[in-house]
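Worksheet: the structure to be examined is printed underneath.
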Amino acid sequence: MENKLIQSNAEDYDIEKHPNIKGVQIIEGKNNFPISWLNQQGYCEYQIYLQYFKDIKVGATAAMKQGTAVHNELENKFKETAEVASFEDVMEMSKETATISREVFVISPENGIRGFIDEIQMTPTEFIIIDDKPGTTPYNSTINQVRAYCLAFKELIGDDTRKIRGALRQRGTDNIFWSEEFNEDVEKSIKFVLDRMEGLFNGTKPFIPTKNKNKCRSCRYQSYCEHF
Ligand code: SF4
């Protein structure tokens, strides 16, 4: 496979900051949030309220810092052999030769999401959207995250009919521990979650705190949380 470093297309959009929610942008008249927030949404929605609505700042955990370090190391190693190319060129080339790209920015104004995909493998028959995770457990929150990347990617590729597959991989290894085809049912399911997120942003749905006290015990926001 050939390594391709895809240039970002973020500058193609007019972006406004949301007046009250840190990190939410308004793109083409719609709230747009980072896909990584779906991890928090699955863990505890109240964390999203504390972090982005109340703007409470807490430090990163040791596990988060270690994850960032491994991530950066993989990224730097990839860049040593990757050639810079446009998204369109890599799409075209991959019809003949399989390619690998890392840290690919995707944005979907229509679905209100954006983010960086850890790795995309484009082959003549399918696209594999890979998110690297520290363990080997496919949590609903991480599955939702990779599904949202697939949805945003689907909007970018237009009428290309190659299949899209989402996958979770153990960070720093080749171990794909979960994967699925991004089909119509999966698309419906992730759109339902995105609709809930929009409900949180526009105030029509409440932030539901987790009932799992084990999650609260390891939560970085516990000293600020009225539900702890
Ligand atoms: S302490 Fe518990 S309820 Fe509060 S934000 Fe953290 S995980 Fe959610």
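Among what's in the range 171-189 and is open to solvent by 60 Å² or more (accessible area, probe 1.4 Å) and closer than 20 Å to E103 by Cα, pick the residue that is nearest to the chain's Cα centre (by Cα).
Ranking the candidates gives R171 first.
Scan the range 204-228 and report the pairs whose first residue is free of Cβ contacts under 8 Å to residues at least 12 places away in the same chain and whose second residue is near the ligand (Cβ under 6 Å from one of its atoms), with Cβ atoms within less than 7 Å and a gap of 6+ or a chain change.
Between residues of the range 204-228 that are free of Cβ contacts under 8 Å to residues at least 12 places away in the same chain and residues that are near the ligand (Cβ under 6 Å from one of its atoms), the close pairs are Q222/C216; Q222/F228.
If I filter the range 130-139 for residues that are of a type in the set (D, E) and within 16 Å of the ligand (Cβ to nearest atom), do I get at least one hit?
No: the range 130-139 contains no residue that is of a type in the set (D, E) and within 16 Å of the ligand (Cβ to nearest atom).
Restricting to the range 23-66, count the residues that are within 17 Å of the chain's Cα centre (by Cα), more than 16 Å from the ligand (Cβ to nearest atom) and under 27 Å from K213 (Cα atoms).
3
So which residues in the range 195-228 are open to solvent by 70 Å² or more (accessible area, probe 1.4 Å), within 8 Å of the ligand (Cβ to nearest atom) and within 12 Å of E45 (Cβ to Cβ)?
Matches in the range 195-228: H227 only.
Could you check how many residues of the range 102-116 are closer than 19 Å to T81 by Cβ and surrounded by fewer than 22 Cβ atoms within 10 Å (Cβ to Cβ)?
1
Regarding F153, is this residue under 30 Å from Q66 (Cβ atoms), of a type in the set (F, W, Y), open to solvent by 20 Å² or more (accessible area, probe 1.4 Å) and more than 16 Å from the ligand (Cβ to nearest atom)?
no
Would you confirm, using the coordinates I've provided, whether K95 is in a helix (DSSP H, G or I), of a type in the set (K, R) and open to solvent by 80 Å² or more (accessible area, probe 1.4 Å)?
When the stated conditions are applied, K95 does not pass them.
Which members of the range 72-85 meet the condition of being more than 17 Å from the chain's Cα centre (by Cα) and open to solvent by 30 Å² or more (accessible area, probe 1.4 Å)?
Scanning the range 72-85 gives E73, L74, N76, K77, K79, E80, T81, E83, V84.
Give me the pairs, please: first residue somewhere in the range 56-71 and assigned to a loop (DSSP other than H, G, I, E, B), second residue anywhere and modelled with pLDDT of 80 or more and not hydrophobic (A, V, I, L, M, F, W, C), beta-carbon distance under 7 Å, and either six or more positions apart or on two chains.
Close Cβ pairs (under 7 Å, with a partner that is modelled with pLDDT of 80 or more and not hydrophobic (A, V, I, L, M, F, W, C)) amount to I56/Y221; I56/Y224; V58/R220; V58/Y221; T61/R220.
Anything in the range 98-114 that is of a type in the set (G, A, S) and either more than 21 Å from I35 (Cα to Cα) or part of a loop (DSSP other than H, G, I, E, B) (or both)? List them, or say none.
A98, G112
The values are calculated or read from the model by the stated rules, or taken from the named source; none is laboratory data. None of the values given here were measured: they were computed from a predicted structure. As a convention, Cβ positions derive from the backbone with ideal geometry for all residues, glycine included, and neighbour counts pool all protein chains shown. Heads up: the accessible areas ignore ligands, DNA and RNA and are worked out on the full protein's heavy atoms, side chains in. Shrake-Rupley method; radii C 1.70, N 1.55, O 1.52, S 1.80 Å.
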